[in-house]
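The values are calculated or read from the model by the stated rules, or taken from the named source; none is laboratory data. Just so it is clear, the structure is predicted and the values come from calculations on it, not from any experiment. Here Cβ is always computed from backbone atoms with ideal geometry, including for glycine, and neighbour counts include all displayed protein chains. SASA here: full protein model, heavy atoms, side chains in, ligands and nucleic acids out. Shrake-Rupley method; radii C 1.70, N 1.55, O 1.52, S 1.80 Å.
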Amino acid sequence: MNLLLIGSGGREHALAWKLSQSQRVDRIFVVPGNGGTATMPKCENVHIDVTDVAALRHFAHTRDVALTVVGPEAPLVAGLVDAFQEAQIPIFGPTQAAAQLEGSKVFSKRFMQRHHIPTAFAMTFDNFDEAWPYADDLPHLPVIKADGLAAGKGVVLPQSRMELQDALREMLVAHRFGEASTTVLIEERLHGPEVSVLAFCDGKTVRIMPPAQDHKRLLDGDHGPNTGGMGAFAPSPLAPPELLAEIERTILQPTLDGIAAEGSPYVGILYAGILLTDEGPMTLEFNCRFGDPEAQVILPLLETDLLDVILACVDGRLDEIELSWRDEAAVTVVMASGGYPDVYETGKPIHGISAAEDVGCIVFHAGTAGSNSHAVTSGGRVLAVTALGGSLTEAAEHAYTGVEKIQFEGAVYRRDIARR
Ligand code: AMP
Ligand code: GLY
């Protein structure tokens, strides 16, 4: 069977890595892919613009693609799944309507309110002159969220009234994120630890994955600017089985039921960002795809054939599948270019990937070009070095053994992933 995989990050390398293990997979075309997918057995990078839907459909037809898997949110929110479904090409991911759970924070908040899914209280504003007096009057500093996709920069947690006013002004007056911030949420700030719970969905049934945690800040001890994620681990000890069952019962299943009842059954990966408060688990956000770097720790723990699970989702028979997970822990450490998440240089030769693999690490490429022996940096997040172990401590030690084998000029990484 030939597959088409959309995306270019560490998440997509992990998806390709796992899918290529399936006996039934002959070929995986990755659009556009990276240095890792370029040289993986069964994989081939294809240079098509991921927003060029006609070209993607044409490619799928002419290359006998039996299934398309979408990694990132942007093509989902733009309606790639709808376009493929119209052409009757099987594809795994939510439709544009269902992907609004991530694509519009206002839609998502109202949806949760309609369906009594636990989430922080929030009000919606599209006008600074109304938003500011409301926000200024609140007893505690709130969280400000741009409605639309803003490349991970649309959520502001102001530390002062001044920052609060600036955030509102930037979004509602200066239109910092264009269309994405013409409407904002002013949301109650919650306190507690955060955990990510992802699930496979076929429109009716959810099958949850081991809970994961990521490290969003650039520097050790959760300092420095927010990033796409500097590391992750699973399973998270914060969500033992009973709590996970509660999250499935109060958040994931009602979301799937609710969106189906509204006429947009959700097929794909549903990712719930959850804050564990004293009042119970509360939903901070939904993503309509695998996390990056969460995929790089969750997929290595999955024993079941990923193709079987995805096909069951697409065919609406996920209830027939029981997932099996390794009784181990996984840790991934992201190695990034110096300067990330702001300006950074690329084209730096990367050494030691094979040496890290020789000590048993799985090195997922993110921003790389070339091949393992001649890889160069081509993005902010460059590699995600993953390892398994009997415990989180063991997996972390193992991952760092791999990280220490790898060098490229300006490499930065956190030393405290899964170690706190
Ligand atoms: P989001 O993209 O909505 O998950 O927000 C990004 C990050 O902001 C989350 O991972 C949280 O750390 C933080 N955050 C978002 N909403 C809240 C909230 N209501 N209370 C506290 N922290 C929040
Ligand atoms: N690591 C967070 C995300 O993928 O949204």
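Tabulated results
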item: Some residue of the range 296-311 being in a helix (DSSP H, G or I), in contact with a helix residue (DSSP H, G or I) (Cβ under 7 Å, 6 or more places away or on another chain), closer than 20 Å to Met40 by Cβ and not aliphatic (A, V, I, L, M); result: yes
item: From Thr304, Thr332, Thr346, residue being touching a residue at least 60 places away in the same chain (Cβ under 8 Å) and of a type in the set (Ser, Thr, Tyr); result: Thr332
item: Residues that are part of a loop (DSSP other than H, G, I, E, B) and either at pLDDT below 95 or open to solvent by 30 Å² or more (accessible area, probe 1.4 Å) (or both), drawn from the range 349-378; result: Val359, Gly360, Gly370, Ser371, Asn372, Ser373, His374, Ala375, Ser378
item: Complete set of residues in the range 174-195 that are within 14 Å of ligand 1 (Cβ to nearest atom), buried (at least 19 other Cβ atoms within 10 Å of the Cβ) and in a loop (DSSP other than H, G, I, E, B); result: Phe177
item: Unmet requirement for Lys348, which otherwise passes all of (1) of a type in the set (Lys, Arg); (2) touching a helix residue (DSSP H, G or I) at 6+ places or on another chain (Cβ under 9 Å); (3) closer than 27 Å to Pro32 by Cα; result: (2)
item: Criterion (open to solvent by less than 10 Å² (accessible area, probe 1.4 Å) and in contact with a Ser or Thr (Cβ under 9 Å, 6 or more places away or on another chain)) met by exactly one of Ala38, Ala16, Ala74, Ala97; result: Ala16
item: Check on Ala199, within 26 Å of Leu311 (Cα to Cα), more than 21 Å from the chain's Cα centre (by Cα) and either among the hydroxyl-bearing types (Ser, Thr, Tyr) or not in a loop (DSSP other than H, G, I, E, B) (or both); result: no
item: Single match in Val106, Val81 (criterion: within 30 Å of Val309 (Cα to Cα), touching a residue at least 12 places away in the same chain (Cβ under 8 Å) and part of a helix (DSSP H, G or I)); result: Val81
item: Among residues of the range 83-94, those that are more than 14 Å from Leu67 (Cβ to Cβ) and surrounded by fewer than 17 Cβ atoms within 10 Å (Cβ to Cβ), counted; result: 1
item: Options Arg415, Arg381: the member that is out of contact with any Ser or Thr (no Cβ under 9 Å at 6 or more places or on another chain) and open to solvent by 10 Å² or more (accessible area, probe 1.4 Å); result: Arg415
item: When residues of the range 206-229 are limited to those that are basic (Lys, Arg) and over 18 Å from Leu299 (Cα atoms), the one farthest from ligand 2 (Cβ to nearest atom); result: Arg217
item: Options Ala245, Ala312, Ala261, Ala272: the member that is more than 15 Å from ligand 1 (Cβ to nearest atom) and open to solvent by less than 40 Å² (accessible area, probe 1.4 Å); result: Ala312
item: Qualifying residue in the range 255-273 (condition: within 16 Å of ligand 2 (Cβ to nearest atom), over 28 Å from Val385 (Cβ atoms) and part of a strand (DSSP E or B)); result: no
item: Failed item in (1) charged (D, E, K, R); (2) part of a loop (DSSP other than H, G, I, E, B); (3) within 12 Å of ligand 2 (Cβ to nearest atom), with Glu285 passing the rest; result: (2)
